[in-house]
Structures are given as structure tokens and as C-alpha cells.
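Please read the structure below before turning to the comments.
The values are calculated or read from the model by the stated rules, or taken from the named source; none is laboratory data. Predicted model, so just to flag it, every value in this text is computed and none were measured. When we count neighbours, we look across all protein chains shown, and the Cβ atoms used for this are built from the backbone with ideal geometry, even at glycine.
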């Protein structure tokens, strides 16, 4: 048998790695890891030992090993490809590998796998969760408030911190995507925009993260949507060790450095007054 060239062996190994991946056989498999190591050596121009060449060629000749429980493996791999399952796709691939090997899962693993498959099925029917336009506005305000919080605040609120990270990542993507959409609307083609670099893949955001963050900041978000001091109302501007002044609220509240402020006319001067410095006038 003629000696196989480096280029042919490299090409065949890469094809087999792809076939292994499609079959759900990944890094948990020793043969898969070995083939990836050999690809790196071949691409770097390093030689293979006689034993390495012999074992690699035997894997190429054998092809993808026959899976056990093939129907269930295919069900799990299909779930991993559902849009919205990206963050758990590796876990699903690991389950597919174990089941394909004929290994048994623990009761806890079976329960977790069932929950992932149910989630994938729901996503296929309903699509992935995305916040509404109204919710996005509230989330943007919540994120602005969170950006001013210190480490001590987050240390005592791990759940809120986790939800904030998810929301912030998605909001950043959403802003970039809006830029892309505006460029497309202006007639600039996709290749020129290079959307993959500008926008990137949409992060996963879920209802839990949004609700968790908005609940944690319920009071300031509520005041922004339902101002304590409506536009046109007369209020007192009160500061520590300073006489109070009469003020006219001239607009809805906004955020400034994470704090709620109201635009007011005070002694003929337009200014933004912190909410905690405004008191309702009685009588």
C-alpha cells in the first residue's frame, strides 16, 4: 500500500472530526481528542510517530462508530440546535455522547435532560423570548441605575447580579443591532456593514432575568413611569441646611448618573433636581 501523504491524512482526519461532531461525539471521546491533536501537529508541520499514524489511519478506515440508542441521541442533538438553546448545547452534546455509548444516566441527570428537552420543544413552538419595546425601555433604565452600584451592593445580591449581566449583554447587542438595521435601511449592503463583526450573535435573554432585575429596581422604575410629581405641579425644593424654595416641575423625571431627577424651574432658573430633594406642597 502506497504511503499516505500528509495532505490526504490531514483532509481525511478533518472530515472524520466533522462527522464525529455531527453524530454528537465530541471532546468527551478519547478518539475525537486524539484526532484533534493530530490535526494540530499536521498543520504545524510536525511529524507523526509510526504508532500515531497507524492509529489515526485505523480511525479513518473505521469511520464514525455505530451509536447505541440512535433515535434518542438524534432527539437530543436536534434539541441542541434549536435557537435559544445555545448556552446548554454543550450539556446536551455530552448527554448525547453518553447515551450513544450506552451509558446510563443518574436520576438527577435524567431529570435535567428532560427539562432541557421540554425547553427546546417550547422554544420550537413559541420561539425564544425577547423583551417588548416597553420592557426594553424599563430594562435600559434599570441597567443605567445598576451601572452606578458598587461591589458591596452586588456582593449581597448575587441573583440580581446574574440577571443584570444577562440583561446588560443583551441590551448591548440590541443597540448594535439597531445600528445595523439603520445602516441597512439607508441602503448600505450587509457585506459593507460586516454585521458579524459589528453585531455578533444575539445573546440569550430570558423572562426570569428581566423580571428579576425589574423587581429589584421596582421603586425607581415605577417612579419613572408614574412620576410622584407630574409636569406642571408646584413642589418644594428642600436641601439639608438650606431654606426651601418653591419649584415648578417642567417635565417628566429622567435618570442622571443612576439617580432620578426632575426638570424644574426654581427661582427663574431651569435645573434638574434630585427626586429626594422634592416635597409635595400641602394645602
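Within segment 148-166, can you find the residues that are more than 30 Å from residue 93 (Cβ to Cβ) and either surrounded by 12 or more Cβ atoms within 10 Å (Cβ to Cβ) or in contact with a strand residue (DSSP E or B) (Cβ under 6 Å, 6 or more places away or on another chain) (or both)?
Taking segment 148-166 first, the residues more than 30 Å from residue 93 (Cβ to Cβ) are 148-157, 160.
Result: 149, 153, 154, 157, 160.
So, in segment 130-159, exactly how many residues are without any contact (Cβ under 8 Å) to a residue 60 or more places away in the chain, farther than 18 Å from residue 258 by Cβ and in a loop (DSSP other than H, G, I, E, B)?
Of the residues in that region, 1 qualify.
Would you call residue 32 without any contact (Cβ under 8 Å) to a residue 24 or more places away in the chain, in a helix (DSSP H, G or I), within 20 Å of residue 90 (Cα to Cα) and not assigned by TED's automatic domain parsing to the domain that holds residue 101?
yes
Looking at 47, 24, which one is outside the structural domain of residue 102 (by TED's automatic domain parsing), at pLDDT below 90, in a loop (DSSP other than H, G, I, E, B) and closer than 30 Å to residue 119 by Cβ?
Unique residue meeting the criteria: 24.
Sort out which residues of segment 180-193 are in a helix (DSSP H, G or I) and modelled with pLDDT of 80 or more, and write them in order of number.
Quick first cut of segment 180-193, residues in a helix (DSSP H, G or I) only: 180-185, 190-193.
Passing the criteria: 180, 181, 182, 183, 184, 185.
Specify the residue that is modelled with the lowest pLDDT; the eligible residues are those in segment 240-262 that are farther than 20 Å from residue 138 by Cα and touching a strand residue (DSSP E or B) at 6+ places or on another chain (Cβ under 7 Å).
Step one: filter segment 240-262 for residues farther than 20 Å from residue 138 by Cα, giving 240-250.
When the remaining residues are screened for being touching a strand residue (DSSP E or B) at 6+ places or on another chain (Cβ under 7 Å), the result is 244-250.
Values: 244: 84, 245: 90, 246: 91, 247: 92, 248: 95, 249: 95, 250: 96.
Step by step, filter segment 240-262, then rank; the result is 244.
Could you tell me whether segment 194-214 includes any residue that is farther than 29 Å from residue 120 by Cα and either in contact with a strand residue (DSSP E or B) (Cβ under 6 Å, 6 or more places away or on another chain) or at pLDDT below 95 (or both)?
Yes, segment 194-214 contains at least one residue that is farther than 29 Å from residue 120 by Cα and either in contact with a strand residue (DSSP E or B) (Cβ under 6 Å, 6 or more places away or on another chain) or at pLDDT below 95 (or both).
Answer yes if at least one residue in segment 131-141 is within 30 Å of residue 77 (Cβ to Cβ) and surrounded by 13 or more Cβ atoms within 10 Å (Cβ to Cβ), and no otherwise.
Yes, that holds for at least one residue.
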